[in-house]
Amino acid sequence: MAHKEEFKHDAVRETLAKVFEFLNRNQKKIIQYGPIVLIAILFFAYYNYHQQNLETEANVLFGKALNLYEDGQTDLALLNFQSVEDDYSGTKSADYARLFLIEEALKNGETDKVNLMVEELEDSEDEVIRSSVYVLKGNLALNDGDADTAIKYYKKAGSLEVFPSLMEEYSLNIIRAYLLKGDYQNAYEEAQKMQTKENLKFNIKNELEDLLAEAKYLAHM
């Protein structure tokens, strides 16, 4: 609660600072145009503060949903993710909540719903969200037996600036897709290239070694 109050206080101070800065810079114009400019400034102040407040509320609810999800209380978590999406549309938390809802829809085989929700996220400015969308599209393509399209989307996901752990997962996806396609040579080469990277996590390294061995065996090397 203290954090929320602090945020409100900071947001108001920031907005007031911007308003006073604007007033100082544009004193003559404000005297000239009077009420019109003042109304515009007040609207800007309200909108700016309201948007910041929405982001904070959305973050709090998303954090609650995430904790429930990690504790295995999936049903409650999904209800909260849905609330974030419904009540705080346009915030980053709403976009992240939608990723969890997409994952659930995928598990339930609701392909049409997944495609619709994925399209809504495709133009996101957040590279983590966009990369996740590409991976989802790749997974859908792979489920349809289209390994070439899947690989294209996995590579697009890997071309964005995201966390190293995500990049490693995307690389594994590419190797798996090559194996499913029957292109064992490319699978082997991708696995070898990935093996040269430093600081791979233990679980990633183990899975990579399994995929490398499989590709090598199937390619008759």
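The values are calculated or read from the model by the stated rules, or taken from the named source; none is laboratory data. All figures in this text were calculated on a predicted structure; none of them were measured in a lab. Methodologically, a virtual Cβ is constructed for each residue, glycine included, from the backbone with ideal geometry; neighbour enumeration extends over all protein chains shown. When the accessible area is computed, the model is the full protein with side chains, heavy atoms only, and any ligands, DNA or RNA have been set aside. Shrake-Rupley method; radii C 1.70, N 1.55, O 1.52, S 1.80 Å.
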For helices (runs of 4 or more DSSP H) lying entirely in the range 53-128, having 2 or more residues that are among the basic types (Lys, Arg) and crowded, with 17+ Cβ neighbours inside 10 Å picks out 92-107
Looking at the range 165-201, which of its residues are open to solvent by 90 Å² or more (accessible area, probe 1.4 Å) and of a type in the set (Ser, Thr, Tyr)?
Thr196
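May I ask you to list the residues in the range 202-221 that are touching a residue at least 24 places away in the same chain (Cβ under 8 Å) and open to solvent by less than 90 Å² (accessible area, probe 1.4 Å)?
Ile204, Glu207, Leu208, Leu211, Leu212, Glu214, Ala215, Leu218, Ala219, listed by residue number.
Would you say Lys152 is modelled with pLDDT of 90 or more and open to solvent by 40 Å² or more (accessible area, probe 1.4 Å)?
yes
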Touching a residue at least 40 places away in the same chain (Cβ under 8 Å) and either under 21 Å from Thr149 (Cα atoms) or assigned to a helix (DSSP H, G or I) (or both), is that true of Ile175?
yes
